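The values are calculated or read from the model by the stated rules, or taken from the named source; none is laboratory data. Just so it is clear, the structure is predicted and the values come from calculations on it, not from any experiment. FYI the Cβ positions are ideal-geometry reconstructions off the backbone, even for glycines, and counts take in every protein chain you see.
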Amino acid sequence: MYAVTIIIGLWISATGAGGIIPDSMAEWPVNVWCWGVFSAIFVMSDRKERIEMLVVVALATPMELFFSEVWLIYEYQRGLMPLFVPAGHYFLFDLGRRVAAQIRENMAMITLLPFVPLVAYGVYTGGDTSGILMLLLVLGFTKWGPQPRLYVVMAWAALAMELWGTYLGNWMWASEVPFTGLTAWNPPLLVGAFYCFGDLLVNLCVAKFDQEPLDSNNH
């Protein structure tokens, strides 16, 4: 359901379901669906998952607005962040941890290896010099973070979602990262670093609110 919602939802929002829906209304079916699904999951979930859901939305919303409206590292198709985005962040987070549960812990770091030559290529050509910093962040999260399998999955899942979203035109990343002197592809290869950071914050906040030790096996 999460994967279908992301794939079809982004298509409907970007294209108005192939032109069936006027552009001014294209985001609204996706807004209603995403928040309807989010609300249904919230009602059916236990206390800890409800805390997670609220924390994801509380963190994702200001982070998205900061990145798109203040830092200007990407721009949404119609200017301001669509309303479905914070709910979509939870869907991707929950999808990521479900997939992560199927991966052996000792395989986590290995699955990041394909990124290395791609990052080297981006730095060599000058097209994505930010890739090396983002790769180091993802490696750091995976090595020392509480949920290494989740961070690895998010690196790949975020890239897949970003490739689809940028292809459709839902958003576009700046080729030059403001205030840094770095460059980035559209999307950046290691865009998952942002999601890993967000997921780490979610883990820390939930552990604090739920008064349970932070443990990668909690989920």
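Listing for the model above:
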| item | result |
| --- | --- |
| Criterion violated by Glu105 - all others in (1) at pLDDT below 95; (2) touching a Gly at 6+ places or on another chain (Cβ under 7 Å); (3) among the acidic types (Asp, Glu) satisfied | (2) |
| Residues located in segment 165-185, provided they are crowded, with 17+ Cβ neighbours inside 10 Å, under 28 Å from Gly16 (Cβ atoms) and either of a type in the set (Val, Ile, Thr) or free of Cβ contacts under 8 Å to residues at least 40 places away in the same chain (or both) | Thr166 |
| Per-region count, segment 185-212, residues at pLDDT 95 or above and among the charged types (D, E, K, R) | 0 |
| Pair list, Cβ < 7 Å and 6+ apart or interchain, from segment 1-18 residues that are in contact (Cβ under 8 Å) with a residue 12 or more places away in the chain and closer than 13 Å to Gly88 by Cβ to residues that are among the β-branched types (Val, Ile, Thr) and in a helix (DSSP H, G or I) | Thr5/Val37; Gly9/Val30; Ile12/Val30; Ser13/Val30 |
| Those residues of segment 75-106 which are aliphatic (A, V, I, L, M) and surrounded by 14 or more Cβ atoms within 10 Å (Cβ to Cβ), in sequence order | Met81, Leu83, Val85, Ala87, Leu92, Leu95, Val99, Ala100, Ile103 |
| Conditions (1) closer than 17 Å to Asn170 by Cβ; (2) in a helix (DSSP H, G or I); (3) of a type in the set (Asp, Glu): number failed by Glu75 | (2) |
| Matching residues, segment 36-82, being aromatic (Phe, Trp, Tyr) and under 27 Å from Thr180 (Cα atoms) | Phe66, Phe67, Trp71, Tyr74, Tyr76 |
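Quick grid of which residues meet (1) at pLDDT below 95; (2) under 18 Å from Pro82 (Cα atoms); (3) in contact with a helix residue (DSSP H, G or I) (Cβ under 7 Å, 6 or more places away or on another chain):
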residue	(1), (2), (3)
Trp28	no, yes, no
Val32	no, yes, no
Phe38	no, yes, yes
Val43	no, no, no
Lys48	yes, no, yes
Ile51	yes, no, yes
Ala58	no, yes, no
